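Asker: The structure under discussion is supplied below as structure tokens; questions concerning it will follow.
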Amino acid sequence: MSRVFKFHNDVDTDQIIASQYLLLPNIEEMKAYTFESIDPEFSKKVQKEDIVVAGENFGCGSSREQAPSVLKALGVKAVVAKSFARIFYRNAINIGLPVIVCKDLYENVNDLDEITLDLLEGTIQTKDDTFSCTKLPPYMQNILDKGGLINFLNEGEV
């Protein structure tokens with residue numbers, strides 16, 4: 001079971017990690033400021049295996065790789081949204097953070113609800129329902145299983 005942290009439509013990369021924190025030397029130091037403008041306590045509340053759930057166009061804005069990286073560094077299991085900005089989606093897969101499209105989940109969960117995400121089956125189970133979501137193609141699942149694109153390429157499985 002994973003807890004839900006629910007965010008609105010059009011969460012941009014500056015809301016995920018504001019540009020002034022990109023000057024910090026590494027992701028470990030940046031992660032404390034994740035979602036600071038939306039939920040200043042997020043980095044203190046989120047736990048390993050929690051899931052970010054959002055509306056449409058999650059990760060819009062600039063193409064900063066640090067946005068999915070801080071989520072992964074905090075232990076977020078996946079981001080589930082109605083839709084994603086394309087560059088955020090690709091950056092997340094590249095660093096090994098699952099990004100799952102599920103059109104119907106958003107209206108059926110609240111902050112801190114508990115859900116179960118089955119990446120291989122492409123389902124999300126809530127207390128009351130089961131929702132179908134993106135079932136990633138095998139090559140993308142392989143990238144995630146290796147912890148991101150660089151690890152995948154370093155293992156020579158292209």
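Computed from the coordinates by the stated procedures, all read-outs in this text should not be read as laboratory data. Computed from a prediction, not measured in an experiment: that's the story for all the values here. When we count neighbours, we look across all protein chains shown, and the Cβ atoms used for this are built from the backbone with ideal geometry, even at glycine.
Asker: With θ set to phi - 60° and the Karplus curve 6.51 cos²θ - 1.76 cosθ + 1.60, what are the ³J(HN,Hα) couplings of the range 139-148 in order, to the nearest whole Hz, using x for Gly and Pro?
Answerer: Here the 3J(HN,Hα) series is 5, 6, 4, 4, 4, 4, 4, 8, x, x Hz.
Asker: Right, here's the next one. Any number yet on Rg/Rh for the range 1-66, C-alpha, Kirkwood?
Answerer: Details: Rg = 11.8 Å, Rh = 12.4 Å.
Rounded to two decimals, Rg/Rh equals 0.95.
Asker: Rounded, prolate or oblate: which fits the chain when a ≥ b ≥ c are the square roots of the eigenvalues of the alpha-carbon gyration tensor, with rounded for a/c under 1.5 and prolate only if a/b beats b/c?
Answerer: The shape class here is oblate.
Asker: In deg cm²/dmol and to the nearest 500, what is the mean residue ellipticity at 222 nm of the chain if only DSSP H runs of at least 4 residues count, each as -39500 (n - 2.57), divided by the residue total?
Answerer: -6500 deg cm²/dmol
Asker: Counting other Cβ atoms within 10 Å, which GluC sites (Glu not before Pro) in the range 6-42 have at most 14 and lie in a DSSP loop?
Answerer: Those satisfying the criteria are 41.
Asker: Restricting the count to DSSP beta bridges whose residues both fall in the chain, what percent are antiparallel, rounded to a multiple of 5? Don't skip to the answer; put the middle values down first.
Answerer: Values: 8 of 20 bridges.
Among the beta bridges of the chain, antiparallel pairing accounts for roughly 40 percent.
Asker: Run the paramagnetic zone check for residue 129: 7 angstrom along Cα to Cβ, then residues of the range 100-121 with backbone nitrogen under 16 Å.
Answerer: 101-111, 113-117
Asker: Using modelled amide H (1.01 Å from N, peptide plane; none on Pro or chain starts), what sits under 5 Å from the amide H of residue 54, excluding residues fewer than 5 places away?
Answerer: Amide H to amide H, under 5 Å and 5 or more residues apart or across chains, residue 54 pairs with 7, 80, 81, 82.
Asker: Check the chain for me: any Cys whose beta-carbon has no other cysteine beta-carbon within less than 4.7 Å?
Answerer: Among the cysteines of the chain, those whose Cβ sits 4.7 Å or more from every other are 60.
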